[in-house]
Ligand code: F6R
């Protein structure tokens, strides 16, 4: 996930771009750069680290041109060093890119065969090569971009500029967001409204497969074949309440959209980008006070965490509600990757079932608020039994955070909607790191597998951005979905907790009957519920249980259920078996649950919205449950 800004107008582009990048820094901040026209050439200045480093470098530079692009990076391909910072320049072309080019290895190899020389480790640089090559072959900037788009597979939003076209920016996207705003004298195009709002409140949101051509103050839209299309301008007219919600109708929707960022923030501290390894950062086992965490020596603390994990014989995950489903995902991840036995418990059950907590147990408590009474009681019980307790909280300095032996943070930012969304996806990302750390401590994670899993994790925020496009599908489908008698969510393995979460969200937001089931359990009873008034949501990613899940889907279909299936990539079989098939990016089994969450959250949100329910404050519920 990265942030991009382009500017064409009378101001100094550097000022506009850097201001814009500041508002986008939440999208990534491991390096930043600009390419701005000066004396007819793009002058490119890039810096490793936060935007302030780039600002220092820019302080002594002058620019006389009126067009430029900029980027703040969150590294996926290639470590966060200057040579990998954007913009990438090839010949007279510069580009900035947010997303992932999935077929980059093939395209890069082809270009290298033709003699191209790459100067970075990124997937993005090849876009600059492709555009520059098309221009060298006689195309203008517009037609060069139209020619190369079909070659790109994956998630991308891209700005491309070329020195021969000093008033033009080409922008195109598939997945990550792009917005363009224009006033009488200038055009700003960026990943997010925030970078545009200082200049105009009249904007156009680019949809996937749309292309924007900026020439001076003129903007035109095209499809990917280069055919002109018309688009409706959106006037942003925000009330103070809407400003707080950043334009979203509800905090819940805002928080659903924040997930690519919060997932990135959750995993960031625990991943070494250069070596593609996991290294839990400042967990602080045995330190005693959370206030001390910042002062810890990272290397010594990591060694201490590894030693503790190595000695662990049994893991307990304990939490309530949505956090409990995060724990279930953790159970699958930790057990499968580290071969350590894991038990996952609802806190109110755990605390009263007189649990046997053997020596060398690790109890992981999960709580967004860090104050949930049952989870806190479980934490105290576990500590009394002599277990090491690791807390995963969103609220720092909460009771659980203070009382636990080790500490990890969701880093999801404030979650206002009572129904938890971003805290869950952040925790799932964090549990990927914990499971890998446990597997490393146990000698169960070969280096190549670790690198693969880390790469999948790093790509997750970008994939999440493309999955958010299902918002419009559910906004439309909600009026039909709300008339169903009930909803059955099904999944297997690590996807099963997402089925439970989908059903919980539907119950708490839309007050409708919904059940989450392990798909293999259907024939042991719940199949009797299915008829044409029942909507079935089947989580069927391409993993080792896929064939079995499809058999369960066929059973449900044979009973007349209306089926929405959620799977990986193009899948004609699932599409044929379902009333609606939603394709998610093809990712590792460890990441599927994070992506699946988004459609089930959006579905409940829109069904509840169409029923006129109070989305941010569902009846009878509270954000923090500090009583039993
Ligand atoms: C559901 C939801 C609740 C919480 C549960 C635990 O959307 O928000 O089920 O997940 O009350 O809360 P925390 O995580 O604060 O312990």
Expressed in angstrom and rounded, the centroid-to-centroid distance over alpha carbons for the stretch 285-306 and the stretch 316-371 is 22 Å
So how tilted is helix 373-384 from the main axis of the chain? Cα-based, degrees 0 to 90, rounded to 10. 70 degrees
Using the alpha-carbon atoms, what tilt in degrees (0 to 90, nearest 10) does helix 13-24 show relative to the longest principal axis of the chain? 10 degrees
Diffusion coefficient, µm² s⁻¹, Stokes-Einstein with Kirkwood Rh over alpha-carbon pairs of the stretch 398-550 at 37 °C and 0.692 mPa s: 180 µm²/s
Quick one: helix 592-610 against the long Cα principal axis of the chain, what's the angle to the nearest 10°, folded into 0 to 90? 90 degrees
Any chance you could tell me what percent of the C-alpha pair distances in the stretch 466-610 go past 22 Å? 28 percent
Semi-axis lengths, Å, the stretch 3-245, gyration tensor of Cα atoms, sqrt of 5 times eigenvalues: 25, 21, 18
Ranked output for segments 89-102, 543-556, 395-408 by mean other Cβ atoms within 10 Å, highest leading, reads 89-102, 395-408, 543-556
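Let me make sure I get this right: for the stretch 275-326, a, b and c are the square roots of the gyration tensor eigenvalues over alpha carbons, sorted descending. Under 1.5 in a/c it's rounded, otherwise prolate if a/b > b/c, else oblate. Which is it?
prolate
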Give me Rg over Rh for the stretch 259-445, both radii from the alpha carbons and Rh done the Kirkwood way, two decimal places. 0.93
Quick one: divide the alpha-carbon radius of gyration of the stretch 493-571 by 2.2 N^0.38 Å and tell me what you get. 1.05
Let a ≥ b ≥ c be the square roots of the eigenvalues of the Cα gyration tensor of the stretch 416-464; is it rounded (a/c under 1.5), or, if not, prolate (a/b larger than b/c) or oblate? oblate
Descending packing, highest mean Cβ count within 10 Å first, for 423-430, 329-336, 125-132 is 423-430, 125-132, 329-336
Counting only DSSP beta bridges with both partners in the chain, the antiparallel fraction in percent, to the nearest 5, comes to 60 percent
Please work out the Cα center distance from the stretch 1-26 to the stretch 144-169, rounded to the nearest Å. 18 Å
Which order results if 274, 465 are arranged by neighbouring Cβ count within 10 Å, fewest first? 274, 465
Fraction of the pair-distance distribution of the stretch 252-342 above 20 Å, Cα-Cα pairs, percent: 54 percent
Summing -39500 (n - 2.57) over the DSSP H runs of n ≥ 4 in the chain and dividing by its residue number, what mean residue ellipticity at 222 nm do you reach, to the nearest 500 deg cm²/dmol? -11000 deg cm²/dmol
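Going by how many other Cβ atoms sit within 10 Å of their own, how do 383, 353 line up, fewest first? Before the final figure, lay out the partial values.
Values: 383 16, 353 10.
If I rank by nearby Cβ atoms, fewest first, I get 353, 383.
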How big, in percent, is the set of alpha carbon pairs in the chain lying more than 31 Å apart? 52 percent
Mean Cβ-within-10 Å packing, highest first, puts peptides 361-368, 278-285, 221-228, 77-84 in the order 361-368, 278-285, 77-84, 221-228
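Just so you know, all these numbers are worked out from the coordinates, no wet-lab data involved. Given the structure is predicted, the values throughout are model-derived calculations rather than measurements. Every residue, glycine as well, gets a Cβ built from its backbone with ideal geometry; the counts of neighbours run over all protein chains shown.
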